[in-house]
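In what follows, a single structure is set out as structure tokens and then discussed.
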Amino acid sequence: IKNSPFMVTFEDGRPSEYSTASGDGLTLAYTDTLTYFQVFAYDVRNNRRSTGGDTYQFTLHGANNYTGYLVPCPKPPAAQTGEAHHAICDPYDVEEGHYYGVYTPLYTGITVLSVYVFNSTHATDDAVVLQHITGSPWLPTVLPNTQDPYTSDIDGDIYDTIAGKTQTMQIQLRDVNGNKLISGGHSLELCMYGVASEWGTIVPWGSTPG
């Protein structure tokens, strides 16, 4: 017919549970350390979304509790601007449907990370519908940070000692939030000052490193 063929532009649909996530923050984190992950938005037909403005929420439950919202990744990406790469955002991704989340865990232990997309199609005036994205929830392993002398524990024959007798003590290293360290290889020195000045040896003790 006249003027055929026609050029038709198909826009992507609403964001959906087909959205995907990646990044170390989904599986591993350290206490008192900024932890990142990124999300790529997909619509209900599993098409990558090229526009932004979507709402993604994430929550931490368990040993750590927090609720936050994802923010847009920089566009154009670092590969085009020549700027330093973002902490997590893919430097080559050009689509606007690209977001990142960041959290700082304080405690070791079981933590559940859930990432949700706001589903506007199913929302009503009385309720906001949040759907897990693909792969959610995750169980990131939260590890303790470096040792802190003010929170670490010492126990044993500290005060009641006998001259000429070997004395023992135990030290449990902890990070600044009191989390037990679970790895060895830390450098410690034992010194005694007063009537007698002595030096001793600190060796690993117990079944748990640290």
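The values are calculated or read from the model by the stated rules, or taken from the named source; none is laboratory data. Being a predicted model, the structure only gives us computed values, none of them experimental. So basically every Cβ, Gly included, is an ideal-geometry build from the backbone, and we count neighbours across all protein chains shown. With ligands, DNA and RNA removed, areas are computed over all heavy atoms of the protein, side chains included. Shrake-Rupley method; radii C 1.70, N 1.55, O 1.52, S 1.80 Å.
Among the GluC sites (Glu not before Pro) within the range 63-115, those in coil by DSSP and having at most 16 neighbouring Cβ atoms inside 10 Å are GLU83, GLU96. Eigen-decomposition of the gyration tensor built on the alpha-carbon atoms of the range 67-191 gives equivalent ellipsoid semi-axes of 48, 21, 10 angstrom, largest listed first.
Computed on protein heavy atoms with a 1.4 Å probe, the accessible areas place VAL115, VAL94 in the order VAL94, VAL115, largest first.
The modelled label-to-label distance between THR51 and LEU139, using points 7 Å beyond Cα along the C-beta direction, is 4.0 nm.
Among the chymotrypsin sites (Phe, Trp or Tyr not before Pro) in the range 1-101, those placed in a DSSP loop whose Cβ has at most 15 other Cβ atoms within 10 Å are PHE6, PHE10, TYR92. Computed over protein heavy atoms with a 1.4 Å probe, the carbon and sulfur contribution to the accessible area of the range 1-120 reaches 53%. For the set THR31, THR151, the ranking by accessible area, highest first and with no ligand, DNA or RNA atoms included, is THR151, THR31 under a 1.4 Å probe.
Put a dot 7 Å past the Cα of GLU17, heading toward its Cβ, do the same for THR166, and the two dots end up 6.3 nm apart.
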